[in-house]
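The values are calculated or read from the model by the stated rules, or taken from the named source; none is laboratory data. The shown structure was predicted, so the numbers you read here are calculated from the model rather than taken from an experiment. All Cβ positions, even for glycine, are placed from backbone atoms using ideal geometry, and neighbour counts span all protein chains on display.
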Amino acid sequence: MHEFNFCLYSNSFKENGNSLDIIYQNIERLTNLREVLNNYMENLFRKDDIHHIDFIHDKKIWEVLYTNNILERDYKVMLGSIIDKSKDYIGNMDIDTYIGLNVVDTESLIYSEDDWFSFHCSYMENISEEIEFYNHIVKYFPNLEFHEDIKESLKSLDGGLERFVRDIVKSLVILDNSLKECIENTTNKAEALNAFSTKLGLAVTLEGDMTRKGDLSFNFKNDDDENELVYCEPHIKLANSSFSGDTKYYDNRIYFYEGKSEIKNGKILIGHIGKHL
């Protein structure tokens with residue numbers, strides 16, 4: 001699996017007229033992002049020039065951190081931790097993208113956890129190898145529980161992963177963000193799925209044929225470490241390729257279930273991503 005390397009963008013630490021309150025907010029935001037990188041075991045580097053950037057009141061970062069009290073102690077500690085606990089950048093090292101403190105209009109940087117997640121979604125949309133894609137979605141969608149057979153079912157996608165990877169990633173994002181809300185807003189499951197379908201922009205339906213229940217049921221480990229068979233009847237239809245000019249109707253599906261309290265704390269369960277079962 002790809003090892004992600006991020007680097008602090010030195011110029012984003014330059015003094016730009018921000019008030020201390022804004023600077024403190026930015027330091028807190030970057031501290032939170034640094035913690036996310038640590039949790040996901042991703043690398044953060046810094047370049048040698050960062051300590052010599054004019055940060056505030058014509059004081060360079062090294063002066064702010066080590067020789068005066070312009071910043072409140074807690075924020076000085078946070079800023080020092082962000083910079084000094086980052087790894088030294090070595091020339092010609094591959095960097096995936098840069099992370100910023102203050103917004104730099106001319107640069108596309110990561111500033112927050114939301115930006116970081118969007119970066120990873122964009123990265124996943126360009127993966128063409130099924131096992132690699134599976135490993136990424138399992139890692140970066142921790143609120144979804146994926147059946148282990150999905151690493152193989154991805155290979156069954158009619159037309160191949162590349163044609164549908166964008167809609168798959170979009171579907172997982174909206175499943176994560178919106179499905180529970182849609183279900184909580186009504187007692188009618190069909191209405192909930194219609195609302196979810198509207199948010200997603202793809203057809204979402206129930207199977208409706210009980211004779212196929214066995215085909216759409218998948219084992220997930222419950223809290224007692226026992227296999228529990230879950231009927232993943234709701235499904236997202238992946239019918240249209242993202243390839244320009246491709247007008248073929250494809251018969252692919254994402255089968256899911258809204259979650260059970262005794263399985264992975266109620267995570268949404270994804271039973272199958274691949275060709276229609």
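Things worth noting here:
- Those residues of the range 82-112 which are surrounded by fewer than 16 Cβ atoms within 10 Å (Cβ to Cβ), closer than 22 Å to Asn16 by Cβ and in contact (Cβ under 8 Å) with a residue 40 or more places away in the chain, in sequence order: Val103, Glu107
To keep it simple, each residue is scored yes or no on (1) in a loop (DSSP other than H, G, I, E, B); (2) in the same structural domain as Gly100 (by TED's automatic domain parsing); (3) within 27 Å of the chain's Cα centre (by Cα); (4) without any contact (Cβ under 8 Å) to a residue 40 or more places away in the chain.
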| residue | (1), (2), (3), (4) |
| --- | --- |
| Glu15 | yes, yes, no, no |
| Gln25 | no, yes, yes, yes |
| Asn38 | no, yes, yes, yes |
| Leu44 | no, yes, yes, no |
| Lys76 | no, yes, no, yes |
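- Within the range 112-136, considering residues that are part of a helix (DSSP H, G or I) and of a type in the set (A, V, I, L, M), the one nearest to Asp167 (Cα to Cα): Met124
- Tally of residues being touching an Asp or Glu at 6+ places or on another chain (Cβ under 9 Å) and either not in a strand (DSSP E or B) or not assigned by TED's automatic domain parsing to the domain that holds Ile174 (or both) across the range 249-265: 7
- When Lys170, Lys180, Lys155 are screened for being surrounded by fewer than 16 Cβ atoms within 10 Å (Cβ to Cβ), touching a residue at least 24 places away in the same chain (Cβ under 8 Å) and in a helix (DSSP H, G or I), only Lys155 passes.
- Per-region count, the range 202-241, residues outside any loop (DSSP other than H, G, I, E, B) and either of a type outside the set (Gly, Ala, Ser) or in contact with a helix residue (DSSP H, G or I) (Cβ under 7 Å, 6 or more places away or on another chain) (or both): 19
- Qualifying positions in the range 251-263 - touching a Phe, Trp or Tyr at 6+ places or on another chain (Cβ under 9 Å) and at pLDDT below 95: Lys260
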